[in-house]
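So the structure is just underneath, and the comments pick up after that.
We did not get these values from a lab; they are worked out from the coordinates using the rules stated. Quick caveat, the model's predicted, so the values are computed rather than measured. So basically every Cβ, Gly included, is an ideal-geometry build from the backbone, and we count neighbours across all protein chains shown.
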């Protein structure tokens, strides 16, 4: 069968167009993969084993943790002259951290999903978390992760309290995936501070107190007071003893009585002589300075 020139050219043009479209699609995929490779991924780890705070108030309603849509699971930032850095698993990290810290204060704590329905008397904790980085400063050698947490406590549609917290990790991390560890630490700190605030809030619907049956100890054993005292004496007897030797002149000067007549006026004759420069002894150290970032929870009028 003989075809005309225009009829034979049509299949060839269709094949060329398909090959060209496949080439463009492959090129786009390669460019996308190259773009993904030009960023750092800082994955947030699960919450650490920091114990939950002991609550001052036991609440009667369930608590639902609602991580808002304004908190994306992947948050990307870009340092000065650096590649993009993306914090991942953000929603899971803040949800699990709050769940582990808040369970002693409420009878049940769960991260809310779309299929969960509320019951009358349930608490809802609305949470927004944003992460960022801080570049090295004049007094720091590395990068730091910085976080801002906004929470709002609601019950039966009425707001109860709200607060905004800020924290940052130590500036010890190189720019890159290691900042995920710093972000995980500040998420733990923010969740712990939130749990302490919620655990001290008063309960407006307390359960009526009920008298429990009396309990009698029938059998058992416990360490006696004498055994405890003996163990303390044994620990003191086996403790290492530090021997401090002094020169003969120091001993004689310490043992020699001080003539009250020769003591300078205005000075205590029983006061010890000052030590030479460079050998002063400091028996007490100043306590470390504790800095608390963030605002205290403020009640919200319904």
Item checked: Packing-based exposure ordering (other Cβ within 10 Å, fewest first) of 158, 173 -> 158, 173
Next item on the list: Would you mind ranking 219, 80 so that the residue whose beta carbon has the fewest other beta carbons within 10 Å leads the list?
Entry: 219, 80
Check: Over the stretch 82-156, what per residue volume does the convex hull of the Cα atoms give, in whole Å³?
Finding: 129 Å³
Margin query: Considering all projection directions equally, how large on average is the shadow of the alpha-carbon convex hull of the stretch 41-204, in square nanometres?
Written below: 9.9 nm²
Checklist line | Centre separation in Å (Cα based) which lies between the stretch 136-197 and the stretch 38-113 | finding: 10 Å
Item checked: Contour minus Cα-Cα distance for residue 48 and residue 226 (0.36 nm per residue) -> 60.1 nm
Note to self: If I stretch the segment between residue 203 and residue 140 completely, what's the gain in nm (0.36 nm per residue apart, minus their alpha carbon distance), one decimal?
What the structure shows: 18.3 nm
Checklist line | Considering only the stretch 41-204, percent of DSSP beta bridges that pair antiparallel, nearest 5 | finding: 70 percent
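If we count other beta carbons within 10 Å of each Cβ, what is the order of 101, 112, 210, fewest first? Display every interim value, and only then the final one.
Values: 101 25, 112 18, 210 5.
With the fewest neighbours first, 101, 112, 210 line up as 210, 112, 101.
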Notebook entry, point to check: Given R₀ = 25 Å, FRET efficiency for residue 113-residue 156 by Cβ-Cβ distance, to 0.05?
Noted result: 0.80
